[in-house]
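The values are calculated or read from the model by the stated rules, or taken from the named source; none is laboratory data. Small disclaimer: the values here were computed from a predicted structure and weren't measured. These area figures cover heavy atoms from the full protein model, side chains too; ligands, DNA and RNA do not enter into them. Shrake-Rupley method; radii C 1.70, N 1.55, O 1.52, S 1.80 Å.
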Amino acid sequence: MSTEKKPPTSLITDTLFRFLALIIGFSLTVSGGLSVIAYLNLLATGHSLLEYTLFLLKRVEFYLLPIGLLMIYASLYVNRSRHR
């Protein structure tokens with residue numbers, strides 16, 4: 001492990017990239033979460049929980065939720081400076 005310091009521009013670039021990933025991940029999570037909540041109306045129309053789940057798994061919008069959560073996790077907890 002080296003003890004060299006990174007140049008300030010590298011730190012700024014890394015921070016901006018992580019912030020951008022956080023914002024994009026948050027946006028995807030909100031979009032996915034809102035679609036899951038909106039589709040809850042299917043339960044009120046008489047569909048079962050199993051039918052609701054199977055319907056969600058067929059929708060592209062549903063997959064925005066886990067993708068966004070993974071992006072948020074990666075931007076907050078993955079330490080990129082270790083790998084350089």
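Membrane-span-like helices in the chain, defined purely by DSSP H runs whose alpha carbon atoms cover 15 Å or more axially and whose average Kyte-Doolittle hydropathy reaches 1.6, are 64-77.
Taking the square root of 5 times each eigenvalue of the Cα gyration tensor, what semi-axes in Å does the equivalent ellipsoid of the range 9-48 have, largest first?
Values: eigenvalues 297, 5, 3 Å².
Its equivalent ellipsoid spans semi-axes of 39, 5, 4 Å.
Length available on full extension from Y52 to D14: 0.36 nm per residue minus the Cα-Cα distance, which gives 9.6 nm. Shape analysis of the chain yields a ratio of the Cα radius of gyration to the Kirkwood radius, Rg/Rh, of 1.25. Of the solvent-accessible surface of the chain, computed with a 1.4 Å probe over protein heavy atoms with every protein chain present, carbon and sulfur atoms account for 72 percent.
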